[in-house]
Amino acid sequence: MATLPIDLAPSTPSTALPLVGRVGIAAIFVLSGLAKLAAPAGTIGYIASAGLPLPQLGLAIALLVELVGGTALILGYRTRLVAGVLAAFSIFTAFAFHFALGDQNQFIHFFKNIAIAGGLLNVIALGGGAWSLDARR
């Protein structure tokens, strides 16, 4: 049986699931990026307190990754690449900012970041789905 082009394929509820998943994962990045944009001094101070060099550059990188990457993930644009960048960012930030595992709050944040990276690995494996800009290309 021949498969239909994506535009002609019938929609099913499961067709929307990759989009719903992408939006769910991307929401934390976009909201975090907007919070950093609203209070850059606090973020710069937090980056400096973690002992990382060039906190202003760190803020710029975080804004780029979170806002541009989160938006690209929602749209399903270069989904696998973007998911890989976001997964790497999540793992980096887990170890750089949340590795005080004796502190229950940091423990939760550390494993939240690891779980987000795990979800993004599934996005890498499965792609953006039918409702994505990648499917349009």
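The values are calculated or read from the model by the stated rules, or taken from the named source; none is laboratory data. No experiment lies behind these values; they were computed from the predicted model shown. Note that each Cβ is placed from the backbone with ideal geometry, even for glycine, and that neighbours are counted across all protein chains shown. The protein model used for the area step is the full one, side chains on, heavy atoms only, and it has no ligands, DNA or RNA in it. Shrake-Rupley method; radii C 1.70, N 1.55, O 1.52, S 1.80 Å.
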| query | Here are some conditions: (1) open to solvent by less than 60 Å² (accessible area, probe 1.4 Å); (2) modelled with pLDDT under 95. Thr3 meets all but one. Which one does it not meet? | reply | (1)
| request: Being among the aliphatic types (A, V, I, L, M) and touching a Gly at 6+ places or on another chain (Cβ under 9 Å) is the filter here, so list the residues in segment 36-45 that pass it. | output: Ile44
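Can you spot a residue in segment 44-58 that is touching a residue at least 24 places away in the same chain (Cβ under 8 Å), at negative phi and within 15 Å of the chain's Cα centre (by Cα)? Write out each step before concluding.
Narrowing segment 44-58 to residues touching a residue at least 24 places away in the same chain (Cβ under 8 Å): 46, 50, 52.
Next cut, at negative phi only: 46, 50, 52.
Next, from what is left, pick out any that are within 15 Å of the chain's Cα centre (by Cα): none.
No - not one qualifying residue is present in segment 44-58.
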